[in-house]
Each structure stands twice: as C-alpha cells, then as structure tokens.
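The values are calculated or read from the model by the stated rules, or taken from the named source; none is laboratory data. Just so it is clear, the structure is predicted and the values come from calculations on it, not from any experiment. FYI the Cβ positions are ideal-geometry reconstructions off the backbone, even for glycines, and counts take in every protein chain you see.
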Amino acid sequence: MALKPVVLCLNRSGEAVAHRVADALGASVHGREGRVEKADAFFPNALDHTRDLFAAGTPIVGVCAAGILIRAVAPILADKRTEPPVIAVSDDGSVAIPLLGGHRGANRLATEIAEALGAKAAVTTAGDVALGVALDVPPAGYRLANPEDAKSAMAAMLSGGGAKVIGNAVFEIESDPDGRVELVVTEEPVDGGPQRLVYHPQSFVLGVGCARGADPAELRASVDVMLAEAGVAHGAIAAVATLDLKGDEPAMNALARDLGVPLKVFSADELEAMTPRLATPSEVVFAEVGCHGVAEGAALASAGEDAILAVTKRKTANTTCALANAPAPLTAPAGRARGKLSIIGIGPGQATWRTPEASRLIQEAQELVGYGLYIDLLGPLVAGKTRSDFPLGGEEDRCRYALEQAGKGRNVALICSGDAGIYAMGALVFELLDRGAHETGVSDAARRVEVISTPGVSALQAAAARAGAPLGHDFCAISLSDLLTPREDIVKRLHAAAEGDFVIAFYNPVSRRRRTLLAEARDILLDHRPADTPVLLASSLGRPEENIRYRRLAELEVDEVDMLTVVLIGSSNSRLAELGEGPRMFTPRGYARRIDGDLRDVGNRHLETEDTP
C-alpha cells in the first residue's frame, strides 16, 4: 500500500477501538464532528469523506457499520485491481471485515487488525479461506510476473489440484510434487501460464547514467541486453538509481516508469563514498560530475552495504548501466526520490467538486503549500502533513518555496483555488523554472523536480453551472486587477471583448483599493450591448455562504461586488429565463440570422451539420 490507512470513527462507542487500530497500524484517526471527542482530524459528513479518501486511493478502516462504507464508495467503484482496501471493524472490535481491495492487501490488513484486537478477520475471498493465501498478492519484496493467470491457477488449486513449489516458498503452502499448479520463485525470466505463476524476488537494483538528453530507447535497449545476458528478469528489479544531477533525465524516468519501480537519486558525495566498491572507477567521470562512477555507485548505494555488483558498467554512446544484487529482496531501496511538485486546483472549495486526481495528489504529498484559507478548505485531508501557509500577496515567494522544497526530494503540493492554471500559481511556477541564471529564478535542484499540473473546477465554470448555461457560445475571461497588468491593456481588452460580443467573466473585479475598473467596464459594455443584458454575480461558490444573484447590465453596482465574487456578463444574445426553479441564465449555441430574406436558426443547422466529439 502506497499510502497509510486512515481509520474512520463515526461515534463515541467505537472511539477506543479506532485508536487501538490506529496505534497498531501507525495510522491517523478521522472522527465525525460532534460525535467523536478525540481524533487527528474531523469531518462533517461520513459518506462524502469516505468517498473522498477512496477516490484518492487511501486505504480505509471504518469503525462503523459495513453498509455505511459500501454506500459511500459504491458510486465510484471501477477496477478491483486498483481500488484501495476498505475494511469495516465493529464498534466493539470483535470482527474486521475486508470489503474491497483484496487485490491490494485488504485481507492481509484485516488480519493484522484482527491480531491487534484479538478479533476475528471475516475474510470471504475463496483463496484466502480455503488456502490461507491470495496468490495475486505476494509478500513485500516479490513481484508476480503474470497476475492475469492468478485466477485460473487459484481455481485449479481450489478444485483439489494442489501446487508444486519451485524455488524458495513465498507462501505457507505445502509443496505437492504432483500438483496441477506450479508456483515458481526465481530471479530468472521464466514464462508463466494459467497453471504456472512466476514470482520474482526484487533483489536487484539498476544503476544508470547518461549524457544530457539521451534517447530513452538507447538506455532501455542497453538495459534489456544486460538483463538478458545476466539471466535476470525485469520483475526482479527493485529500483533504478542514478546521480541526482540526472534525476530529470527523460531516459531515467521512462526506464523506471516502464519497469514499475521507483527512481532513487544520490548526491555526488554519496556516490563518491562507493568508490572502494567500484569495479571500473573513472577519473573522467570524477572530473565531470564529482564522483568516480555513476551507474555502479548508484546501484551499490541503493542495494545496500551487503550488495555486490552482479554486472559491471556497460556503455553505449550516451548511456551507462550496471546491476547490483542484494542478499535478500529489497522492500525499501535506499536513496531519495526525485522531488515532485503537484500544482493543484481544488475548485471553489466544495469537496465534491474536487477531482479524484487532485485528492490523490494531496494524499500523496508530504507538504502542502499555499494560502492558508485554501489549505483549510481541504479539511481532514490536511491531517498529518506538513503545511506551509502563506498570506495573500508574495505569490512568487510561495511558488519559489514550493519548488525549493521539492528540490530537496520532497513530494510537495501547491494548493490553489479554482483551476491552478487560470489566474493562479501554475503560470508563475513555470515562469520561475524558465528564468535564466541572471534572473531571480530557482536553484538547479528545483529545476530538476517533476512538475505535475492537475485541473480543477474554475470559478468561471462553477458560476456558469449555478446560473444554467451562460457559456453556451463564445466567451472570454478578463482580470480587472491592474497589479500585474497595465490598466491601459485591461481597457483595450475590454473594448475588444465588447466589440466581439463575447460572454465575459470578470476575475478579481474589485478590491479595497481597486474600485473603478468594474464601473468603467460596465460603461464600455453598455456601448455595445443592451442595457437589460443579464449579469450574474456569484459569491463564495461551493461554500455554505454561497450567494447567487442576477442584475441587468445597466444596474450593476460596484458596491455589491467583492473579491470573492465572479461577475459573469452575458452577450447580446444571452437570456434570463424564468423557470419553475427560478431564473436561469443561458446563451444559445447558435444565433438567429437573416439569410436570403428568411430567419433561420443557425443553432439547429449547427446541430445537424457539425461533428461534435
């Protein structure tokens, strides 16, 4: 399991058991507000919070009725091979029931909980019940080479076929020489099948080096040849290791990704300490990067002090690779991860509008960086994480700090409201990375981090959804803040958008000191569209204090708008319809035009002729 489990406690009667489970697992307790006295974090709604954790890939142990957990996650169930464990524990701690995630260690987790509580693990998976094992979930440090065959192999064993164990036993199964199924444990590349499961002990580390911009295919081909000649299966690799200066190389990252293992990096000083163990130390390499060997040194450093070189350095025109062998499977190869910065838009703040990918990246992050209010909106997802709050203003310092923390090898999430790429921190992060050495950018270490941008629901989208469909035709967004954009540029864009008859969303419409541009924008627009053009004012979207109201363009007043308000002004064709549930604003997809003397609905022709995805 990549993430620590979260123990959910819904009422006081299960509180003691929840803390016992959390202590046994090294997990945190999340408690229901008003019903639980002591917890690491509190949540207001059990179904929403359970669903949020599940979508983020977090293993869940609920000290509650199983039905609550089932109802929470049922709408988002998708793939049993990727879903996290979900376990229900009774309030009295007498039983632990794995509900989901059997392919991700749920049965093993339930058994661990039961042992800690002196309870019963109510495992219902056929293989676990009849054989006491799940063949598709080998112990840590081993990889099943052909998981697609586990189901048929298990079926054969359940029908009385038995299993013949070849190599060291991975499971506590008595070997049957005449068994219909073979369980093969080997570091060598061996073909599996419906009645042969192949398990590889991950006791090897690949050390790699390359020239800047080396072709990933060149490195992969060299590694494949080396492993084939050494008789080592790809599944026996526990990690790819290299010098930290090479941590951002596409070839390195593609290799680790293809092998499904972590990329581990080391400083030049750390690799230089490996020099006495190297088979082919190089003064040329030392002069270039500060250590006498990258591939061999990184492989040995990651595999541990008892490891030996299984294959010495191999070279191609632009790459090097070597292989180290540890005496036992490696469950935690040494080395730092490549730093990672996730630029995350959490939407307007409502948890149900946050994407599952955003929730997952937040759960995986070690440190959260952002404006304090935005981090607070994450609620219990913040529990147990380092948080670095920044006030409004100083956005460049905020982004630089996040990049530099990631440059130290940390997994950092930069939290923004709405969509991080729309009037938020995304552009500033890339601007800092793009600055030259003579400018105030970031360190070389920060430039090598992995940067991920994930979309969020923007205020523009949220306001439009609340209104109806005002963005049904061409639209644009304009920020009315002249702190970073010259006022004359903003006015020029206002005139262009007005003449183009766009639906317009105004971001940053006013502040305490900026009170005139919104009124000027209104007057510019009134020169090009009717006075009764509908205007939407949407404040605190997705929060309990949300406020939606409509105005006519001529009646728009600056004093009823604040920094938390999105102003959405319709085009000349936008309408405000009075429907049963109240007024709804929309802009028709096509405009009515006079063609050949007749009025024809271009919108209908559009629907009939355009291929839409």
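Note on the range 161-170: residues that are touching a helix residue (DSSP H, G or I) at 6+ places or on another chain (Cβ under 8 Å) and either within 18 Å of residue 143 (Cα to Cα) or of a type outside the set (A, V, I, L, M) (or both) amount to 0.
Given the options 324, 334, name the one that is of a type in the set (Gly, Ala, Ser), assigned to a strand (DSSP E or B) and more than 30 Å from residue 564 (Cα to Cα). So that I can check it myself, show each step before the final result.
Working: 334 fails: assigned to a strand (DSSP E or B).
After applying the criteria, what remains is 324.
Looking only at residues in the range 36-56 that are assigned to a helix (DSSP H, G or I) and of a type outside the set (Asp, Glu), which one is surrounded by the fewest Cβ atoms within 10 Å (Cβ to Cβ)? Checked the range 36-56; the qualifying residue surrounded by the fewest Cβ atoms within 10 Å (Cβ to Cβ) is 47.
Go through 322, 358, 299, 326 for me and flag whichever is crowded, with 22+ Cβ neighbours inside 10 Å, in the same structural domain as residue 428 (by TED's automatic domain parsing) and of a type outside the set (Asp, Glu).
Working: 322 fails: in the same structural domain as residue 428 (by TED's automatic domain parsing); 299 fails: in the same structural domain as residue 428 (by TED's automatic domain parsing); 326 fails: in the same structural domain as residue 428 (by TED's automatic domain parsing).
The conditions single out 358.
Step by step: first the residues of the range 330-351, then only those that are among the β-branched types (Val, Ile, Thr) and buried (at least 24 other Cβ atoms within 10 Å of the Cβ), then the one that is farthest from residue 408 (Cα to Cα). Which residue is that? Among them, the one singled out is 346. If the condition is being touching an Asp or Glu at 6+ places or on another chain (Cβ under 8 Å) and free of Cβ contacts under 8 Å to residues at least 40 places away in the same chain, then the range 189-212 contributes only 212. Please pick out the residue among 198, 137 that is under 29 Å from the mean Cα position of the chain (by Cα), β-branched (Val, Ile, Thr) and either at negative phi or not assigned by TED's automatic domain parsing to the domain that holds residue 98 (or both). Exactly one of 198, 137 is under 29 Å from the mean Cα position of the chain (by Cα), β-branched (Val, Ile, Thr) and either at negative phi or not assigned by TED's automatic domain parsing to the domain that holds residue 98 (or both), namely 137.
Residues in the range 1-35 that are in contact with a strand residue (DSSP E or B) (Cβ under 9 Å, 6 or more places away or on another chain), assigned to a loop (DSSP other than H, G, I, E, B) and over 17 Å from residue 69 (Cα atoms): 4, 27, 33, 34, 35.
Among the conditions (1) crowded, with 18+ Cβ neighbours inside 10 Å; (2) assigned to a helix (DSSP H, G or I); (3) of a type in the set (A, V, I, L, M), residue 535 misses just one, which is (2). If you check residue 493 against the conditions, is it free of Cβ contacts under 8 Å to residues at least 40 places away in the same chain and not in a helix (DSSP H, G or I)? When the stated conditions are applied, residue 493 does not pass them.
Among residues of the range 553-577 that are touching a residue at least 60 places away in the same chain (Cβ under 8 Å), those with a beta-carbon under 8 Å from a residue that is in a loop (DSSP other than H, G, I, E, B) and of a type in the set (Asp, Glu) at least six positions away or on a different chain give the pairs 571/474; 571/501; 572/501; 573/501.
Take residue 469 and decide whether it is surrounded by fewer than 18 Cβ atoms within 10 Å (Cβ to Cβ) and in contact (Cβ under 8 Å) with a residue 12 or more places away in the chain. Please lay out each step first, then the result.
Values: surrounded by fewer than 18 Cβ atoms within 10 Å (Cβ to Cβ): yes; in contact (Cβ under 8 Å) with a residue 12 or more places away in the chain: yes.
Taking the combined requirement at face value, the residue satisfies it.
Of the residues that make up the range 240-258, is at least one free of Cβ contacts under 8 Å to residues at least 24 places away in the same chain and either outside any strand (DSSP E or B) or farther than 30 Å from residue 179 by Cβ (or both)? Yes, the range 240-258 contains at least one residue that is free of Cβ contacts under 8 Å to residues at least 24 places away in the same chain and either outside any strand (DSSP E or B) or farther than 30 Å from residue 179 by Cβ (or both).
Here the condition is being over 28 Å from residue 446 (Cα atoms) and modelled with pLDDT of 95 or more; of 318, 325, it holds for 325 alone.
Out of 581, 488, 499, 545, one residue alone is surrounded by fewer than 20 Cβ atoms within 10 Å (Cβ to Cβ) and in contact with a strand residue (DSSP E or B) (Cβ under 9 Å, 6 or more places away or on another chain). It is 545. For the range 371-383, state whether one or more residues are buried (at least 16 other Cβ atoms within 10 Å of the Cβ), modelled with pLDDT under 95 and part of a strand (DSSP E or B). Within the range 371-383, one or more residues are buried (at least 16 other Cβ atoms within 10 Å of the Cβ), modelled with pLDDT under 95 and part of a strand (DSSP E or B). Residues that are out of contact with any Pro (no Cβ under 8 Å at 6 or more places or on another chain) and not in a strand (DSSP E or B) within the range 188-202 comprise 188, 189, 190, 191, 192, 194, 195, listed in sequence order. Scoring residue 466 on the criteria (1) over 15 Å from residue 566 (Cα atoms); (2) in a helix (DSSP H, G or I); (3) at pLDDT below 95; (4) not assigned by TED's automatic domain parsing to the domain that holds residue 425 leaves a single failure, condition (1).
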